[in-house]
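Inspection log for the structure reproduced underneath, given as structure tokens.
Quick note: the coordinates plus some simple rules give every number you see, no bench work behind them. Since the structure is predicted, the reported quantities are computational estimates derived from the model, not experimental observations. Don't worry about glycine lacking a Cβ; one is built from the backbone with ideal geometry, like all the others, and counts go over all protein chains shown.
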Amino acid sequence: MHTSCKKTKKNEKRKKEMEKKEGKGKEREGKEKERKRRKKEKKRKEKEREGKGRKDKGKEK
């Protein structure tokens, strides 16, 4: 891992700790989870359009 990556990770960790102390941590975590969920959903829809989406294992037989 690059040193710059380590520094950014440390900074993010420190920010999260500070926000938890202030009580903003939960609010931010919710937003991050929502963002990740939307991103996954978007990827899944794109794959389905290409025909590479999830296939039911029962239908393959």
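With the simple model of a label 7 Å out from the Cα in the direction of the Cβ, Arg38 to Lys21 spans 3.1 nm. Counted residue by residue at 0.36 nm each, then reduced by the alpha carbon distance between them, the extension gain from Lys31 to Thr3 reaches 7.3 nm. Is segment 1-48 best put as rounded, prolate or oblate by its Cα gyration tensor, with a ≥ b ≥ c the root eigenvalues, rounded for a/c under 1.5, and otherwise prolate when a/b is larger than b/c, oblate when not? It is oblate, given that a/c is not under 1.5 and a/b is not larger than b/c.
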